[in-house]
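Here's the structure, in structure tokens; my notes come after.
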Amino acid sequence: MSAPAGPPQGGAANDMERAQLGNRHHPLPREGEWRDGGSVNPDDYLHSEITLDMSWDIDVGGVMSEFFRRLKAERRLYGMRCSRCARTYLPPRPVCGDCWQEMEEWVALGRQGTLVAKTVCHYKILDSATGEPRRTPFVLGLIQLDGADTSLNHFVAAPDPGQVGIGDRVEIVFRDALQGNVGDIVHFQWLGGKAGAHG
Amino acid sequence: MARPVAIVGTGQTRHCKARPDVHQGELVNEAVTAALLDADLGFEDIDAIVLTNMELFEGRALPELWCGEFAGGLGKPVMKVATGGTSGTSGAIAGLIQAASGLFDTVLVVGWEKHSEGSTQTGMSLTDPAWDRHIASGAIGNFALSISQYVARHGVTPEQAALVAVKARRNAALNPHAHVKDAGITVEKVLASPMLAEPVRLLDMCPQSDGACALVIAGGDMVRRYRHPAWFRASATRHDQPYIGDHDQRLIKMRTLRSAAQEVYRKVGVQNPFKEIDVAELYEPVSYVELAWYEALGFCAQGQAGRLIESGATQIGGELPVNPSGGVLCANPVGATGVIRVAEAAKQLHGKAGAYQVEGVRQALVTGYGVYAWSDVLFLSAAQP
């Protein structure tokens, strides 16, 4: 170790130390001399704009392949149940992380479920199905489908977003021509408040 | 732990919306130079380097290749840690453990992000393409879903959450490195800010920042040079299942943070965290979340966090100041954010926090939070273990 025997804990450096530690192109800023976006002219610096048009081809795996085959064939979602803790997972996966137990049992899930969380969103996003901006406000929910122990996050269609509440019932809406991918779930239709639940 | 190690120097850029005057390496170099200056060490004194950065946000692969040189990494072991929001705390833990193992006497940890260069929301949407990606709501909508459950269960009010945002921005006004600061902010101003995803408003959320932060860790003979080292006492890390719906009421239960905190308290011998911890730097990307963390960390009973923030106990000068630096709500260069939490806790122990110095700090708690629910917890103290 060849550390300079300076004062313990550093402390305010003098100008000579600053000059040694910084350099001509990149002097060390003193407090009050920060070179940030507020005090520099962005036009003084060059930018390099990059637009990437890249593609990936990702394997969804054996369990999800089977899940989407069943979705396309039966217009129904399936979960997987852990034989040890009895949790039914949606999306299904080959191993229960809590138990480290291989799962084999497919469980048909209901078309209806219960909202366990909801939020009304006012920010702009693109609709992945159309590529167009989604109309605001829109409702996002965590839906626990009948028969599942986990929930999924998805859009909830309701005439008045303000009416939607935790505990309300919703029903899954699939697109007409199923393709066997997650885009087959269009949204969840709100079925009314707790009092008017369709069961 | 094989041997005691401490944080002996910290350095930060001023975090802000955009730094068009520097590239990533220059930004890294600024924080590293400041940390070396603070520790009174030179480039040649550092044995190993840990980098933390989420390169997808900037669309740039292999940041260790481009930035290792500017961190002083040539001819040294350099590694990168990237675990979402926890990147910085995970990197700090990695560096501390490397030094504690006795493998290296000095380790430098530097985290950074330049959100102004890229598309963070897109980066966060690029999760599981088979299931998750089509709901491209990003962080805000998913946070709001968890928060809606927390609010429904515990009756937390928008005013109580706004008190967190007010505390943060006022504290940040004392911190020369903070990005978002507002000494004159009020609860009314927070409640009048645009609604993003109910109940989360614009001023309840963290910003996206450009910034870097570095730590110098020392063990063995090196650490004896320092009068007020911030000793590393314990850390714990917890991973969890990936999807937001995998655990009901995730924010209320927060099993990762709860379990990690309990492990750390047990290792250090903390019985009553609220009384025994002198300052906490928590990873709170949303105001409401800081309240949930109070409960998960045992600062108060379940459902009492709203009352705790109202009591003023977590302000500077209170019984347990939380985020005197202004926290994540006031500066969020993601790869650096966890490093900043550790640095701010260390600064409190070094007695170098300036205008937001908490008096008589002996024990400091740090948390990191990443992806849907990963947690890191670190405990630093003035007393050598």
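Hey, could you check region A:184-197 for residues that are at pLDDT below 90 and outside any loop (DSSP other than H, G, I, E, B) and say which is farthest from the other protein chains (Cβ to nearest Cβ)?
Per the criteria, the residue is A:Gly196.
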Residue among B:Leu320, B:Leu329, B:Leu349 that is over 20 Å from B:Ser90 (Cβ atoms) and under 11 Å from the mean Cα position of the chain (by Cα): B:Leu329
message: Looking at A:Glu33 and the list (1) closer than 20 Å to B:Asp210 by Cα; (2) more than 9 Å from every other protein chain (Cβ to nearest Cβ); (3) modelled with pLDDT of 50 or more, which single condition is not satisfied?
response: (3)
message: If I ask for residues that are among the aromatic types (Phe, Trp, Tyr) and open to solvent by 80 Å² or more (accessible area, probe 1.4 Å), which ones from region A:56-89 would you list?
response: A:Trp56
- request: Output yes when any residue across region A:46-55 is open to solvent by less than 90 Å² (accessible area, probe 1.4 Å) and not polar (S, T, N, Q), and no when none is.
  value: no
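Could you list all residues from region B:276-307 that are among the hydroxyl-bearing types (Ser, Thr, Tyr) and out of contact with any Lys or Arg (no Cβ under 7 Å at 6 or more places or on another chain)?
B:Ser287, B:Tyr288, B:Tyr294
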Selection from region A:91-106 of residues that are open to solvent by less than 20 Å² (accessible area, probe 1.4 Å) and among the hydrophobic types (A, V, I, L, M, F, W, C): A:Cys96, A:Met103
query: Residue check: is B:Glu310 in a helix (DSSP H, G or I), open to solvent by 30 Å² or more (accessible area, probe 1.4 Å) and out of contact with any Lys or Arg (no Cβ under 6 Å at 6 or more places or on another chain)?
result: yes
- request: Among the helices (runs of 4 or more DSSP H) lying completely within region B:1-100, list those that include at least 1 residues that are touching a Cys at 6+ places or on another chain (Cβ under 8 Å), open to solvent by less than 20 Å² (accessible area, probe 1.4 Å) and under 25 Å from A:Ile50 (Cβ atoms).
  value: B:24-39
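Okay, residues lined up against (1) at pLDDT 95 or above; (2) closer than 18 Å to B:His179 by Cβ; (3) of a type outside the set (Val, Ile, Thr):
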position: B:Tyr283; (1), (2), (3): yes, yes, yes
position: B:Val286; (1), (2), (3): yes, yes, no
position: B:Glu295; (1), (2), (3): yes, no, yes
position: B:Gly306; (1), (2), (3): yes, no, yes
position: B:Val322; (1), (2), (3): yes, no, no
- prompt: Can you tell me which residues in region B:359-385 are open to solvent by 10 Å² or more (accessible area, probe 1.4 Å) and part of a loop (DSSP other than H, G, I, E, B)?
  reply: B:Glu359, B:Gly360, B:Val361, B:Arg362, B:Val371, B:Tyr372, B:Ala382, B:Ala383, B:Gln384, B:Pro385
Candidates A:Leu28, A:Leu52 - the one that is facing another protein chain (nearest Cβ under 10 Å), more than 19 Å from B:Asn29 (Cβ to Cβ) and at pLDDT below 80: A:Leu52
message: Is it the case, given these coordinates, that B:Tyr372 is within 18 Å of B:Met254 (Cα to Cα), at pLDDT 95 or above and within 14 Å of chain A (Cβ to nearest Cβ)?
response: no
query: What's the number of the condition A:Ala177 fails, among (1) of a type in the set (A, V, I, L, M, F, W, C); (2) touching a residue at least 60 places away in the same chain (Cβ under 8 Å); (3) open to solvent by 30 Å² or more (accessible area, probe 1.4 Å)?
result: (2)
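Sort through A:Gly110, A:Gly147, A:Gly162 and tell me the only one that's touching an Asp or Glu at 6+ places or on another chain (Cβ under 7 Å), outside any strand (DSSP E or B) and either more than 7 Å from chain B (Cβ to nearest Cβ) or open to solvent by 10 Å² or more (accessible area, probe 1.4 Å) (or both). Break it down into steps so the answer makes sense when it comes.
Details: A:Gly147 fails: touching an Asp or Glu at 6+ places or on another chain (Cβ under 7 Å); A:Gly162 fails: touching an Asp or Glu at 6+ places or on another chain (Cβ under 7 Å).
Sole residue among the options that is touching an Asp or Glu at 6+ places or on another chain (Cβ under 7 Å), outside any strand (DSSP E or B) and either more than 7 Å from chain B (Cβ to nearest Cβ) or open to solvent by 10 Å² or more (accessible area, probe 1.4 Å) (or both): A:Gly110.
Please specify each residue of region B:101-117 satisfying the condition of being among the hydrophobic types (A, V, I, L, M, F, W, C) and open to solvent by 20 Å² or more (accessible area, probe 1.4 Å).
Within region B:101-117, B:Leu103, B:Phe104 meet the criteria.
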message: So for region B:335-343 (the condition being at pLDDT 95 or above, crowded, with 22+ Cβ neighbours inside 10 Å, part of a loop (DSSP other than H, G, I, E, B) and small (Gly, Ala, Ser)), does at least one residue qualify?
response: no
query: Does region A:124-138 contain at least one residue that is modelled with pLDDT under 95, open to solvent by less than 30 Å² (accessible area, probe 1.4 Å) and of a type in the set (A, V, I, L, M, F, W, C)?
result: yes
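The values are calculated or read from the model by the stated rules, or taken from the named source; none is laboratory data. These numbers were taken from a predicted model, which means no experiment stands behind them. For neighbour counting, all protein chains shown are included, and Cβ atoms are generated from backbone atoms with ideal geometry for every residue, glycine included. What goes into the accessible areas is simple: the full protein's heavy atoms, side chains included, and nothing from ligands, DNA or RNA. Shrake-Rupley method; radii C 1.70, N 1.55, O 1.52, S 1.80 Å.
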